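The values are calculated or read from the model by the stated rules, or taken from the named source; none is laboratory data. Here the structure is a predicted model, which means the values were calculated and not measured. Cβ placement follows ideal geometry from the backbone for every residue including glycine, while neighbour counts extend to all protein chains displayed.
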Amino acid sequence: AQDCQVANIPVMQNFDKSRFAGKWYAIAKKDPVGLFLLDNVAATYVIDESGKMTANAYGRVIILNNWEMCANMFATFEDTPDPAKFKMTYWGAASYLQSGNDEHWVIDTDYDNYAIHYSCREVDMDGTCLDGYSFIFSRHPTGLRPEDQKIVTDKKKEICLLGKYRRVSHTGFCESS
Ligand code: DAO
């Protein structure tokens, strides 16, 4: 059932953050209002000895309307009663980069190939998401394996974001930084 209520969005069952650790390449993205990360986006998740999750991420951004650069970003995650839902605090290596607090939900993953991330920033009066973003992650910068594409399409529909994504290219722009 897809009623598009944020509270009813199904997330990954028995999410195992230690298997989620490592590098993920964003291959598609649904942007929020005031989008920040444009392309060449990747995130590396780390789980420490105490089980706390953190991440480093990078991506091409344009700041001050015209200045193109690679943003190096950091994030910490607070666990919640649902193992697939985290409260994320993020900030940039430089003070002029974006920072804030977002939800970080893992909708689905097989840990080895694909992952679907979701974050609703603003829930509307009717309980649907008014402003949010979502990344489709792959372990491979080249994209998803054909066998994962149907699973991902079905999940996009379940989270009411089918047709809202754009492709995220990897050109090597952020590789040297
Ligand atoms: O690109 O518009 C946007 C929103 C991105 C918020 C910045 C997130 C930085 C940390 C990313 C960790 C993995 C999602």
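A few notes on this one:
- Filter result (more than 9 Å from the ligand (Cβ to nearest atom) and out of contact with any Cys (no Cβ under 7 Å at 6 or more places or on another chain)) within the range 123-135: D124, M125, D126, G127, L130, D131, S134
- Of all the criteria given as (1) among the polar types (S, T, N, Q); (2) without any contact (Cβ under 8 Å) to a residue 40 or more places away in the chain; (3) more than 10 Å from the ligand (Cβ to nearest atom); (4) in a strand (DSSP E or B), the one not satisfied by N40 is (2).
- Qualifying residues in the range 93-105 (those that are in a strand (DSSP E or B) and within 10 Å of the ligand (Cβ to nearest atom)) - the one surrounded by the most Cβ atoms within 10 Å (Cβ to Cβ): H104
- Residue check, K87 touching a Pro at 6+ places or on another chain (Cβ under 8 Å) and farther than 25 Å from R167 by Cα: no
So that you can scan it fast, the table gives a plain yes or no per residue for (1) within 14 Å of the ligand (Cβ to nearest atom); (2) outside any loop (DSSP other than H, G, I, E, B); (3) not aromatic (F, W, Y):
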| position | (1), (2), (3) |
| --- | --- |
| E49 | no, no, yes |
| N56 | yes, yes, yes |
| V61 | yes, yes, yes |
| E68 | no, yes, yes |
| A71 | yes, yes, yes |
| D82 | no, no, yes |
| W91 | yes, yes, no |
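- Candidate set from the range 106-131 (those that are among the charged types (D, E, K, R) and assigned to a loop (DSSP other than H, G, I, E, B)); member that is farthest from the chain's Cα centre (by Cα): D126
- Where G34 falls short, out of the listed (1) surrounded by 13 or more Cβ atoms within 10 Å (Cβ to Cβ); (2) at pLDDT below 95; (3) within 12 Å of the ligand (Cβ to nearest atom): (1)
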